[in-house]
Structure formats: structure tokens, C-alpha cells
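A.B. asks: To start, I am sharing the structure in question, which I have written as C-alpha cells.
Please treat every number below as a calculation from the coordinates, not as lab data. A quick note: this is a predicted structure, and the numbers were derived from the prediction, not measured. Quick reminder, even Gly has a Cβ in these numbers, built from the backbone with ideal geometry, and neighbours come from all protein chains shown.
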Amino acid sequence: MVKYFCCAGLLKNTWDQVCIAFWQRYPNPYSNHVLTEDIIFREVTPTNCLISRRLLTKTSRAPRWMERYLPKHMASSAYIIEDSIVDPQKRTMTTFTWNISHARLMSVEERCKYRINPENGSWTEMKREAWISSNVYGLSRAIQLRLDVF
């Protein structure tokens with residue numbers, strides 16, 4: 001069972017500002033739940049796109065209802081992979097993020113796309129999509145019920 005979310009937003013900042021902010025977001029005093037940010041791979045393609053893969057370690061706790069399914073040391077932190085593609089010619093940035101911790105219990109995948117707003121070139125459009133799933137018998141229904149609350 002997969003739960004799908006989608007939302008779009010308009011950022012009243014230029015695409016350049018949004019990209020700079022994205023790369024400078026960690027570390028910062030308002031995101032102290034992010035412990036580490038490590039670059040695994042980075043390359044500039046022949047078409048001048050920047051491709052990156054990063055490993056993030058976060059201290060964010062698992063949801064309380066899920067803690068009973070996890071060993072104690074695993075309930076307090078998580079490892080996340082983030083891939084990104086920045087295309088300076090098309091002025092787009094796309095990120096793909098997914099958990100590698102707890103993935104046997106629950107998979108969370110997110111894709112964000114940023115591009116210049118066609119009606120106002122000084123603003124940036126963002127589309128965020130997320131897929132949450134579990135193949136664990138009984139847990140997939142619990143995930144579905146908990147997420148319907150949001």
C-alpha cells in the first residue's frame with residue numbers, strides 16, 4: 001500500500017536565491033535535528049548539470065506509534081539519501097530523497113522540483129511529492145490510518 005502526497009508552492013525569491021539557500025541549509029541553528037551532511041558523489045555533466053548525492057544523518061524520532069516496532073537505538077536517528085540535479089540552463093533543480101534507515105518497515109520517498117515562475121521571473125515555483133509505503137503486514141494499515149489524520 002502506498003500513500004501519495006502532493007503540494008505546490010510559490011517562493012517569493014529568485015531561482016538563484018532558492019538554489020543557494022538549498023545548498024546552505026545545513027548546518028544551521030534552526031535545524032539542529034540534522035547531525036551530519038556528507039557528500040557521497042558530485043559531478044558536472046557534459047551538459048553542465050550538477051549531479052550530487054548526499055548522506056544525511058538526522059536525529060528526528062520515529063513516530064511514537066512506530067517506536068514499538070524498532071530497536072531502541074534505531075528509534076532516535078535515521079539515515080537519508082538525497083540526490084539532486086541542478087540544470088542552470090533550464091533553471092531547474094530536482095531533488096530525490098529517501099530513507100535507508102527503517103526501510104524494511106517503512107519507505108519514505110520525496111521528490112521536489114524547483115523552477116522559475118513563468119508569470120513572475122523573480123519568484124520560484126516548487127512542487128513536492130511524497131510516497132510512503134510499507135509491506136509489513138499490519139503496519140501498512142497503521143501507516144494508512146495515521147497519515148489520513150494529516
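A.B. asks: Measure off 7 Å from each Cα along the Cα-to-Cβ vector at Glu37 and Asn13, then give the distance between these two points in nanometres to one decimal.
C.D. replies: With each label point 7 Å from Cα toward Cβ, the separation is 1.2 nm.
A.B. asks: Another question about this same structure. In sequence order, what are the phi-derived ³J(HN,Hα) couplings for segment 121-126 according to the Karplus relation 6.51 cos²θ - 1.76 cosθ + 1.60 with θ = phi - 60°, rounded to whole Hz, with x for glycine and proline?
C.D. replies: For segment 121-126, the Karplus-derived couplings read x, 8, 10, 10, 8, 10 Hz, x marking Gly and Pro.
A.B. asks: Treating cross-link reach as a plain straight distance, find the lysines whose alpha-carbon is under 26 Å from the alpha-carbon of Lys12, omitting any fewer than eight places away in the same chain.
C.D. replies: Cα-Cα hits under 26 Å: Lys90, Lys113, Lys127.
A.B. asks: In whole Å, how far is the Cα centre of segment 28-53 from that of segment 76-130?
C.D. replies: 12 Å
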